Every structure is written in structure tokens, then in C-alpha cells.
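A.B. asks: Quick one: the structure is below, questions incoming.
The values are calculated or read from the model by the stated rules, or taken from the named source; none is laboratory data. Since we're looking at a predicted model, the values are computed, not measured. Cβ sites come from the backbone with ideal geometry, for glycine too, and all protein chains shown count toward neighbours. Remember, those area values only see protein heavy atoms, side chains included, never the ligands or the DNA or RNA. Shrake-Rupley method; radii C 1.70, N 1.55, O 1.52, S 1.80 Å.
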Amino acid sequence: MDELESDKHVKYILSIEKKKDDVEALLMEHLRINGAYWGLTTLDILHKISAVDPEEVISWVMKCYHEDCGGFGGNIGHDPHLLYTLSAVQILALFDRIDVLDAEKVSIYVAGLQNEDGSFSGDMWGEIDTRFSYCAICCLSILHCLNKINVEKAVNYIVSCKNLDGGFGCTPGGESHAGQIFCCIGALAITGSLHHVDRDLLGWWLCERQCKNGGLNGRPEKDADVCYSWWVLSSLIMIDRVHWIDKDKLTRFILNCQDKENGGISDKPNYAVDVFHTYFGVAGLSLMEYPGLKSIDPAYALPVDVADW
Amino acid sequence: MGGDSSSEEVGLDLLQQLELILEHDKLIDEVGFVHPDQFPALNEGPSSSLSPVCILGQSAADILNKDTVELHVVQYDEKVFWNKDHKLAISILVLPQLYNAALNAYMDANRRYKQSIRSQINKGSFDDANCGCDFDQFLESEVLKHTRALLILSYDFKSAWNSRKLVLSRKQELSLFVDEFQLSALILSYAPKSEGAWSHRQWTVKMIAEKVHDLQELVKKESELVKNIAEKSKMNYRAWNHRCWLVLYMTESQVLDELNMSRKWAELHVADNCCFHYRRRLMLRILSNGDVKEGGEKPFNYNSNVYAVWKELQWNKLLIQRYIGREALWIHRRFLSQCWIKHFANNQKSSSPHIEATGLDDFLGEEFELMNACLNTQTDDELDDYQSQAKHAVSYILWISKQIPSCSEVKLQERLKEAVNFEDLFMKYPERLMLWKKVLV
Ligand SMILES: [Zn+2]
């Protein structure tokens with residue numbers, strides 16, 4: 001059986017920073033802070049976060065901060081959004097430096113995006129999605145400021161996005177999708193509201209994501225993709241149904257998606273690697289207690305020693 | 001990024017060319033990013049598909065040997081751009097330069113625009129209204145121009161979409177929204193999953209909904225756009241999510257129309273779970289007839305609901321038997337059975353002229369027969385599709401057994417255990433072993 005090429009993955013992640021010139025890197029610029037979170041969390045799971053200079057990272061993160069409103073942009077000079085604000089807070093948590101934040105101000109920004117029906121807008125322009133509910137709740141929980149929002153309404157909105165198949169979508173009536181399910185289950189787990197979930201029904205939907213090749217897909221009729229190792233597995237763990245899938249086969253699938261020469265993990269075997277799938281592959285292995293990895297918290301998506309504040 | 005000034009100048013020059021092209025050909029509906037090496041190949045054959053190579057179109061040949069191309073008054077470098085018949089191709093070799101130039105131009109215009117807004121707020125809006133207005137308009141058009149170029153290159157650049165929203169929400173002119181639909185449609189033509197473009201479209205629809213009462217025509221057009229994009233981009237979650245979201249704005253009769261029209265499409269795309277989900281969304285809207293909106297439309301009655309679900313069940317059975325091993329069809333059947341069991345199966349009185357209302361046992365009996373038929377069509381050559389069909393059929397019955405009272409569940413599972421050899425199935429479908437073992441009572 002293949003082994004996890006930890007050293008090569010570390011090298012790969014550290015190398016991403018250096019090639020800023022190619023088109024692909026440029027087109028990712030607007031969500032650089034998400035990329036930083038994926039890369040840094042992977043390094044931490046691999047016990048190699050010491051390879052980066054915390055001060056350098058933190059000062060860059062804080063340059064993405066909007067003092068006027070309390071949110072973070074995806075890069076310096078970019079508009080604030082919940083997706084980026086969560087990544088910023090997670091990165092600071094990784095380095096145990098939440099103290100550099102004006103937690104009050106950030107939490108007011110996040111809480112200000114809650115709507116009357118309990119849902120969250122991603123930013124001032126009003127797009128609503130259960131992903132943003134997760135971002136808000138996870139972020140506020142890390143900052144110990146959940147009391148700033150109406151948790152009950154937030155939970156009720158998420159529950160209203162539940163489908164008859166047990167899964168969850170972006171908004172009420174939206175198709176079930178493993179990524180959205182992670183967000184909804186994560187938010188419900190953090191707020192202690194998992195009693196709203198039919199664990200057997202959802203567990204059934206989730207474990208039917210396992211394909212013949214052992215990998216997981218994100219919804220029916222799709223091919224397996226490494227990133228769903230994270231979203232499906234973490235959800236299964238949170239609802240205590242992870243024993244319903246074949247973990248050995250999934251482990252083999254992920255290991256098979258490694259670039260064994262240059263490091264990095266791709267979405268499917270023999271595809272091009274990227275930092276996103278490298279993170280989800282390594283995080284998925286960590287959830288399955290692959291030897292030598294730090295274990296990761298399925299709801300906060302941070303190493304447990306970090307999430308354990 | 002080089003950073004040297006000559007490269008920056010070249011980038012700026014290219015950006016101006018691109019923006020001129022976009023300004024003069026407002027109807028551009030396709031963009032492709034092409035390596036110049038592909039140019040010779042592009043000159044051959046007619047354009048037929050959406051692949052970037054073909055977007056250049058057949059008429060590229062007759063202009064390729066000129067140095068510069070004239071389009072009205074637009075001069076551009078023909079090694080970098082190609083524009084004809086409302087199609088635009090951009091050489092991938094210049095993308096980094098072009099992107100950086102567009103980024104800088106946007107950031108600069110955006111900064112100045114926001115500054116001007118701030119100073120107006122500080123001064124109070126009535127001060128020197130005229131000159132402020134001209135300047136404002138200039139900055140607005142700068143922002144719109146540069147964001148258009150930047151978004152074509154980097155379509156999920158949120159801040160750039162936001163800047164367009166800012167301009168539009170300050171102007172509040174309906175006519176301007178047309179441009180937003182055009183730009184997002186253009187981007188979706190080559191990036192059909194672009195979150196930025198879909199989200200911007202949704203925002204635009206919401207803005208219009210605040211001002212216009214009758215949205216029927218708009219909703220219909222949006223729904224058609226999704227249909228066309230879904231044709232080329234399979235299982236596109238974002239696209240279908242847009243369509244599901246539109247249901248909120250549909251009238252009851254539009255819901256029925258959509259249900260009718262998506263039927264044919266679903267038959268032609270039986271593996272596209274998104275389309276079946278869309279039908280579920282529409283059906284649930286019909287079934288929730290209790291909360292009919294104001295406006296006096298006739299609420300759907302019980303009989304037509306029974307009939308709608310029953311018809312869908314029959315149709316789905318036909319598809320399952322015709323297209324072997326399609327997970328999406330079985331998932332759809334789960335939903336339909338669930339609805340049937342919940343709403344109608346325990347109702348003994350038949351009130352529809354079309355169907356004999358069946359009780360739960362009759363219904364389960366029929367479903368069991370369907371599964372049996374699917375198992376028995378399994379041939380010796382063990383084709384993949386037949387294997388999947390058997391897996392989905394057994395899974396379906398097991399799943400249904402969890403949706404009914406436990407006394408019925410026990411009966412159904414006992415029948416199942418008699419009909420199939422589970423030890424055999426566990427060997428064949430190891431990826432379902434754990435789940436099935438857990439759910440068997
Ligand atoms: Zn993926």
C-alpha cells in the first residue's frame with residue numbers, strides 16, 4: 001500500500017508561495033487567505049507549521065483586515081466577506097494569536113450579517129447561503145462571542161434547509177450537497193443542536209457517497225473526489241456514523257491521488273495537484289487516524305490542540 | 001510579475017485594446033483563451049462546439065494575415081486578440097500582463113470612486129451638484145469598464161463584482177441591469193460554474209424584483225438560461241441552484257409549466273440528479289398548496305396532487321426500466337415513494353378517477369415487484385449497469401423500509417431476505433456492506 005509522502009507535501013506547500021507569477025496563481029489571488037488557511041493547516045497536521053514565520057503570516061493577515069467594519073478580505077485591498085473572515089480567524093487560531101484581533105469588532109461585523117430569518121449574508125451585498133451560517137457560527141465560537149447572535153434563529157434557518165433525503169442545501173429547497181451538509185452539521189454541532197438531525201437518514205445519504213474505487217463523491221452520480229473525503233467524513237464523524245463506510249478503501253483512494261514525485265494531492269488519481277485538495281486529503285487521513293498526523297476537529301476544521309481552547 | 005515599467009506599459013496598452021473591443025462590440029457572447037500556437041488550427045473548419053479552440057470561428061483565416069485589424073475605429077494587436085461575429089479570443093500568453101493591468105486600473109478607479117462617494121457624504125449631497133455629478137459619472141463608467149475587463153479574466157473576483165453592485169445600487173436605473181445580465185451570461189458561457197457570475201445574477205434579479213411587480217418574463221428567461229447552460233455543463237450545482245431559487249418568484253401556473261417542460265429534458269439526461277431535484281422542488285411547491293400566496297390563484301386540490309405524484313411514479317418506473325442502473329432515477333423514486341407514503345398511502349378512499357388509491361401494503365407490494373424485476377433482468381455477463389441496477393434496487397427497498405411503521409418494516413425486510421441472498425450481495429458490493437448490515441433488522 002502507498003504511504004503518505006509527508007515531506008514532499010510540506011515541500012509542495014512551501015513552494016506555492018514562491019510561484020506567484022503563473023496565471024493560475026494570479027487567478028487565485030482574490031481568495032489568497034483561504035489558500036493560506038488550507039496550506040497552513042496542512043502544515044500543522046503534518047507537524048511542520050514551524051517551517052513558516054508566524055510574524056510574517058500574521059502581519060499579512062492583518063493587512064487584509066478592514067478596520068472600519070471589522071471584516072477580512074481575501075487579500076490586501078479586497079472587500080470583506082464571511083468566507084475570508086473565518087479563514088483569517090482560523091489562521092490566527094493556528095498560531096494561538098487571536099489576541100492580535102479586536103474580537104469585539106470582528107464579532108460585531110459577523111453578527112451584523114445575520115438576517116431576520118436567522119440566515120447569514122456573506123457580506124453587505126446580501127447573498128444568503130448555509131455556508132455563511134457555518135462561517136459566522138464557527139468564527140464567533142472561536143472568538144467566544146456566540147452570544148452576539150440569535151443562535152436559535154440561526155439553527156432554525158439551517159434546519160429549514162434540510163431536505164427529505166436527510167441532506168442540506170444552500171437555501172431552503174436547495175439540492176443536498178456534501179459541502180453544504182458539512183457546513184450545516186458543523187454549525188449544528190458547534191451550537192449543540194444536532195438533535196435536529198435524523199442521523200440514520202443523513203448517515204445513509206452520506207455513506208452512499210462512497211464509490212466503487214473507495215473515494216467519496218459530493219452528490220449522486222458524481223465521480224469520487226478527494227475533497228469530499230473531508231466534507232463527508234467530518235459530517236459522518238459528527239453524527240457518529242463513520243463506521244458505515246469502508247475507511248481502508250478511502251485511505252487507499254486518497255493516497256493514490258498523491259503526486260509522489262513533487263508532492264501535493266489532486267482531486268482524482270493522476271490529475272494536477274492543488275493546495276485545496278492537498279489540505280482535504282491530509283485532513284481526511286487525519287480524521288481516519290492515519291499514523292503520524294495531528295488529529296483534526298471535524299467541526300472547527302482545525303487541529304484539535306488548536307480547537308481545544 | 002516583472003514589475004518593470006515597460007512590461008507594465010505593454011499591459012496597459014493591451015488593457016485599453018481589450019476595453020475598446022468590449023465597448024464597441026457590446027454583443028460579444030463568447031470568449032475563449034487560446035494559445036497562439038493553436039491559431040493555425042483555428043482557421044480550419046467551422047466552429048461547432050464551445051471549446052475554446054472553436055470559439056475563434058471559421059472566419060479567422062481571412063484576417064489573420066493582416067497586421068492590425070480594424071473594427072469600426074478599434075485597432076488591436078491581432079496576435080493577442082481576435083474579435084468577429086461577437087466572439088472574442090484572447091491569447092493566453094498575455095494573460096498575466098493583462099490581468100495585472102486590469103487589476104491596477106480597477107483598484108485605482110475603485111479607490112477614487114469610493115473617495116468621491118465619501119467626500120459627497122461629508123459635504124452633503126446638494127453642494128456643487130453639477131460638477132460632482134459629471135465627475136461621478138466619469139468614475140462610475142471607469143469602474144464599470146475596468147471591472148468588466150477584470151472579471152472576464154478572473155470571474156470570481158468578488159470585489160470587482162461588488163464594485164459593479166455599488167455603482168448600480170447608487171444609480172438605480174433599470175436599463176443598466178441589462179449589462180449585468182449580459183456580462184454574467186458572457187462569463188457563464190465559458191465558466192458555467194462561476195460562483196461570482198451566478199451570485200451577481202441573483203443579486204440583479206433581486207434588485208429588479210424590488211422595482212418591478214411582474215417577474216414572469218424575467219423568471220422564464222432565467223430558467224431558460226439555466227437549461228441551456230445545463231445542456232453543456234453536466235450536473236452543474238450552481239446553475240441548478242439558481243433555477244431552484246427562482247421557484248420562489250414563480251406563479252403557480254409557471255410552476256406547472258416548468259414541471260412540464262423539464263420532463264422531456266430529464267428524460268434526455270437521466271443521470272442528471274440536479275434536474276430531478278429541480279422537479280422535486282417544483283412538486284413540493286405544488287404539494288404545499290396550503291400556503292398559496294395572495295393573488296387569488298386557484299389552489300391545487302388534493303386530487304390533482306395525488307395524480308401528480310402518481311403520474312411521476314409511473315413515469316419514473318418507466319425510466320428505471322429503460323435506463324439501467326441510474327442512481328439519480330432511484331433517488332428520485334425514494335422521494336416520490338416517501339411523498340406517497342406520507343400523503344396518500346394510508347388514505348383508503350379513492351377520489352381520483354385516474355387511479356385506484358392504494359393502501360400501504362398494496363403500494364409496498366408493487367415496489368417490491370419492481371425491485372424483483374430489476375434483479376431478475378440481471379444477466380450472466382455481469383455488466384456494470386446491471387450490477388448497479390441491482391444495488392440501487394435493493395438499497396431502495398431497504399431505504400423505504402425505514403420510512404414506514406416498524407411492523408411493516410419487519411414484514412418488508414423479511415420478504416427481502418427471502419428474495420435476495422445478502423451474503424452474496426455483501427461480496428458484490430463491499431462499499432455498502434457496513435450500511436446494509438446496520439439497517440437490516
Ligand atoms: Zn474536489
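A.B. asks: Tell me, which helices (runs of 4 or more DSSP H) lie completely within the range A:1-97 with 2 or more residues that are open to solvent by less than 40 Å² (accessible area, probe 1.4 Å) and more than 14 Å from every other protein chain (Cβ to nearest Cβ)?
C.D. replies: Working: elements: A:6-16, A:23-27, A:32-45, A:54-63, A:82-94.
Filter on the range A:1-97 gives A:6-16, A:32-45, A:54-63, A:82-94.
This table checks each residue for (1) buried (at least 18 other Cβ atoms within 10 Å of the Cβ); (2) more than 10 Å from chain A (Cβ to nearest Cβ); (3) aromatic (Phe, Trp, Tyr).
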residue	(1), (2), (3)
B:371	yes, yes, no
B:384	no, no, no
B:387	no, no, no
B:405	no, yes, no
B:423	no, yes, no
B:426	no, yes, yes
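A.B. asks: Just to be sure before I move on: is residue A:202 away from the ligand (no atom under 16 Å from the Cβ), crowded, with 18+ Cβ neighbours inside 10 Å and of a type in the set (A, V, I, L, M) in the structure I sent?
C.D. replies: Values: away from the ligand (no atom under 16 Å from the Cβ): yes; crowded, with 18+ Cβ neighbours inside 10 Å: yes; of a type in the set (A, V, I, L, M): yes.
Spelling it out, residue A:202 is indeed away from the ligand (no atom under 16 Å from the Cβ), crowded, with 18+ Cβ neighbours inside 10 Å and of a type in the set (A, V, I, L, M).
A.B. asks: What number of residues in the range A:171-192 are under 19 Å from residue A:225 (Cβ atoms) and in contact with an Asp or Glu (Cβ under 9 Å, 6 or more places away or on another chain)?
C.D. replies: Here the count works out to 3.
A.B. asks: Let me ask something additional. Among the numbered criteria (1) under 24 Å from residue A:131 (Cα atoms); (2) within 14 Å of chain A (Cβ to nearest Cβ); (3) in contact with a helix residue (DSSP H, G or I) (Cβ under 9 Å, 6 or more places away or on another chain), which one does residue B:188 miss?
C.D. replies: (2)
A.B. asks: Also, I was wondering about something else. Only one of these is under 20 Å from the mean Cα position of the chain (by Cα) and basic (Lys, Arg): A:252, A:199, A:209. Name it.
C.D. replies: Working: A:252 fails: under 20 Å from the mean Cα position of the chain (by Cα); A:199 fails: under 20 Å from the mean Cα position of the chain (by Cα).
Exactly one of A:252, A:199, A:209 is under 20 Å from the mean Cα position of the chain (by Cα) and basic (Lys, Arg), namely A:209.
A.B. asks: Same structure again: Of B:161, B:203, which residue is open to solvent by less than 10 Å² (accessible area, probe 1.4 Å), within 14 Å of chain A (Cβ to nearest Cβ), more than 14 Å from the chain's Cα centre (by Cα) and of a type outside the set (Gly, Ala, Ser)? Lay out the reasoning, then the answer.
C.D. replies: Values: B:203 fails: open to solvent by less than 10 Å² (accessible area, probe 1.4 Å).
Of the residues listed, the single one that is open to solvent by less than 10 Å² (accessible area, probe 1.4 Å), within 14 Å of chain A (Cβ to nearest Cβ), more than 14 Å from the chain's Cα centre (by Cα) and of a type outside the set (Gly, Ala, Ser) is B:161.
A.B. asks: Give me the residue from the range A:166-179 that is assigned to a loop (DSSP other than H, G, I, E, B) and more than 7 Å from chain B (Cβ to nearest Cβ) and, out of that set, surrounded by the fewest Cβ atoms within 10 Å (Cβ to Cβ).
C.D. replies: Within the range A:166-179, the subset assigned to a loop (DSSP other than H, G, I, E, B) is A:166-167, A:169-177.
Filter again for more than 7 Å from chain B (Cβ to nearest Cβ), leaving A:166-167, A:169, A:172, A:176.
Working: A:166: 19, A:167: 24, A:169: 23, A:172: 21, A:176: 25.
The selected residue is A:166.
A.B. asks: Another question, if that's okay. Output the qualifying pairs, or none if there are none: Cβ atoms under 7 angstrom, residues six or more apart or on different chains, first residue in the range A:260-286 and open to solvent by 30 Å² or more (accessible area, probe 1.4 Å), second residue at pLDDT 95 or above and basic (Lys, Arg).
C.D. replies: From residues that are open to solvent by 30 Å² or more (accessible area, probe 1.4 Å), the pairs are A:262/A:8.
A.B. asks: How do the pairs read when you match residues in the range A:19-45 that are free of Cβ contacts under 8 Å to residues at least 12 places away in the same chain with residues anywhere that are open to solvent by 30 Å² or more (accessible area, probe 1.4 Å) and of a type in the set (Lys, Arg), using Cβ under 8 Å and keeping only pairs 6 or more apart or on different chains?
C.D. replies: Pairs that qualify, where the first residue is free of Cβ contacts under 8 Å to residues at least 12 places away in the same chain and the partner is open to solvent by 30 Å² or more (accessible area, probe 1.4 Å) and of a type in the set (Lys, Arg), are A:25/A:19; A:26/A:20.
A.B. asks: I'm trying to understand the selection: among the residues of the range A:184-199, which are away from chain B (no Cβ under 12 Å), open to solvent by 10 Å² or more (accessible area, probe 1.4 Å) and not hydroxyl-bearing (Ser, Thr, Tyr)?
C.D. replies: Answer for the range A:184-199, where residues must be away from chain B (no Cβ under 12 Å), open to solvent by 10 Å² or more (accessible area, probe 1.4 Å) and not hydroxyl-bearing (Ser, Thr, Tyr): A:189, A:190, A:192, A:194, A:195, A:196, A:197.
A.B. asks: Something else about it: Going by the conditions given, is residue A:212 basic (Lys, Arg), away from the ligand (no atom under 12 Å from the Cβ), without any contact (Cβ under 8 Å) to a residue 12 or more places away in the chain and open to solvent by 10 Å² or more (accessible area, probe 1.4 Å)? I'd like the intermediate steps shown before the answer.
C.D. replies: Details: basic (Lys, Arg): yes; away from the ligand (no atom under 12 Å from the Cβ): yes; without any contact (Cβ under 8 Å) to a residue 12 or more places away in the chain: yes; open to solvent by 10 Å² or more (accessible area, probe 1.4 Å): yes.
Yes; evaluated as a whole, the condition is true for this residue.
A.B. asks: When the residues of the range B:144-158 are narrowed to those that are open to solvent by 10 Å² or more (accessible area, probe 1.4 Å) and not in a helix (DSSP H, G or I), which ends up farthest from the other protein chains (Cβ to nearest Cβ)? If you could, list the steps in order and put the result at the bottom.
C.D. replies: So in the range B:144-158, the residues open to solvent by 10 Å² or more (accessible area, probe 1.4 Å) come out as B:144-146, B:148, B:153, B:155-156, B:158.
Now narrow it down to the ones that are not in a helix (DSSP H, G or I): B:155-156.
On the way: B:155: 9, B:156: 7 Å.
Filtering the range B:144-158 for residues that are open to solvent by 10 Å² or more (accessible area, probe 1.4 Å) and not in a helix (DSSP H, G or I), the one farthest from the other protein chains (Cβ to nearest Cβ) comes out as B:155.
A.B. asks: Quick one: count up the residues across the range B:169-186 that are part of a helix (DSSP H, G or I) and more than 24 Å from the chain's Cα centre (by Cα). Before you say what the answer is, go through the steps one by one.
C.D. replies: Pass one, the range B:169-186, residues part of a helix (DSSP H, G or I): B:169-171, B:174-186.
Keeping just the survivors that are more than 24 Å from the chain's Cα centre (by Cα) gives B:169-171, B:174-175.
Final tally of qualifying residues: 5.
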